[in-house]
Amino acid sequence: LLLFCHIIAAGRLLPENDYRLYFGGSNLDDKMKSEKDVKADAEDFDAGQRQAKRRHIDCTDYSNYFETFYKHSRLHFISTTAQKMKSFVQQLQNCEVDFDKNRQELINSILKMEPCCSSTPIDMHEQQSYIMHLDMDCFFVSASLQNYPLLRGKPVAVAHSNHSDQAIELDSWAEIASCNYEARMCGVRNGMRLGSALELCPNLKTISYDFERYAEISQTIYSLVGKYTRDLEAVSCDEMFVDLKELCFNTGIRPLQFASFIREEIFKATGCTSSVGIGTNKLVARLATKVAKPNGQVQVLKAEVSQFMKATKVADLPGVGMHIWQKLCERNIFTCEDLLRVELGQLQRDFGKKTAIALQQKALGRDDSCLKAEIDRKSISCHVNYGIRFTTLKDAQGFLEKQSEELAKRMSDNQVEAKHITLKLMVF
């Protein structure tokens, strides 16, 4: 807050490091500077800013700003690719596929993998459901490592990083988008500041985003699964749900057999590993995937759900954010078994009626949500939250015009019209 006040008073950007209480993991006392040093640093910073302006994209250069911004935006890629995969699943469901041929090849492949396995078809009328949750392992890192084979087995993270000097990167605010399990063993986590990650893991290697590669692999994954069933739900570029009941009934294969087969097919085609959870519903399947990671598979049968859920941490339940988790911890509720010991009335007093019922149902492993085949887009947005530096009203007007054109293009691509338009401004 002090930094923002001083920036407004000075009418220009100021060096943020002089206002940070946390600096590269060192104590604040070690970083205190004299006024003379601060002034010198400010002059160096201003010079650096002038040089940086020549390197970075200019928001007033309307000809290519949006194209350049979205080309390098991770969040834009994640949101748009998720929507593209949902559309792609609809295309797969509507196109002609020779399932008989593909499924016979599937059966033959499984018989080669397990010569002694029996083909005992499941009963379509039984209450047991087989929902498979497939999630790629450390997707961005795994996909990017195809271009860096010498880094395999070493701690690696994907992040926006422009410096080879580690001393500079220790002070970096770049965010870790994805890190492999070697890095996680050192305490590195997705979403962590790069500087903090390097303090925990000095040998951490950073590699750049490869959005084209991610999109290519994502489409390959969905195409492979779509060869054998139409019962898919796209979740994101690297995650999906599959209802296996019809597939298993008509082929005689078991859910875990298909999971082994499709994971091997994905690895052969992409070089990336994946994990699978199979359960009676989407909730249990997703939680089973957490247990299966990395590069594994777990099935939770109907008779096993109760015991499985008791051991599940409440922090792993979908919808349990930091606020709810902290309140649960204050009440010594750490697992679903702990949660189920609390009467519903008490939970309602602590969390409200709606949240309490949802928590209890999830702790019991209950989820009646179905796979979503159709796309139901309620809104289309066009966000830009980086590099906005206007100096004139004309710049702001020109920027909004180009942003409106970008939004109109997205609406046209999705064949929708708008009833309401909302403008959000973040003012610092």
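The values are calculated or read from the model by the stated rules, or taken from the named source; none is laboratory data. Because the structure is predicted, anything quoted here is derived from the model rather than measured. No Cβ is skipped: glycine too gets one built from the backbone with ideal geometry, and neighbour counts run over all protein chains shown.
Quick notes on this structure:
- Comparison of S412, S404, S379 shows that the only residue that is out of contact with any strand residue (DSSP E or B) (no Cβ under 6 Å at 6 or more places or on another chain), at pLDDT below 95 and either part of a loop (DSSP other than H, G, I, E, B) or of a type in the set (K, R) (or both) is S379.
- Checklist (1) assigned to a helix (DSSP H, G or I); (2) farther than 10 Å from M132 by Cα; (3) at pLDDT 95 or above applied to N295, failing item: (1)
- Checking each residue in region 299-317 for being under 17 Å from M132 (Cβ atoms) and in contact with a Leu (Cβ under 7 Å, 6 or more places away or on another chain) picks out only Q299.
- Qualifying residue in region 416-425 (condition: at negative phi, of a type outside the set (A, V, I, L, M, F, W, C) and surrounded by 11 or more Cβ atoms within 10 Å (Cβ to Cβ)): no
- There is at least one residue in region 213-233 that is over 24 Å from C95 (Cβ atoms), at pLDDT below 95 and part of a helix (DSSP H, G or I).
- Taking (1) assigned to a strand (DSSP E or B); (2) over 27 Å from Y181 (Cβ atoms); (3) among the aliphatic types (A, V, I, L, M) in turn, V276 satisfies each apart from (2).
- One residue from Q307, Q346, Q397 being at pLDDT below 90, polar (S, T, N, Q) and surrounded by fewer than 14 Cβ atoms within 10 Å (Cβ to Cβ): Q397
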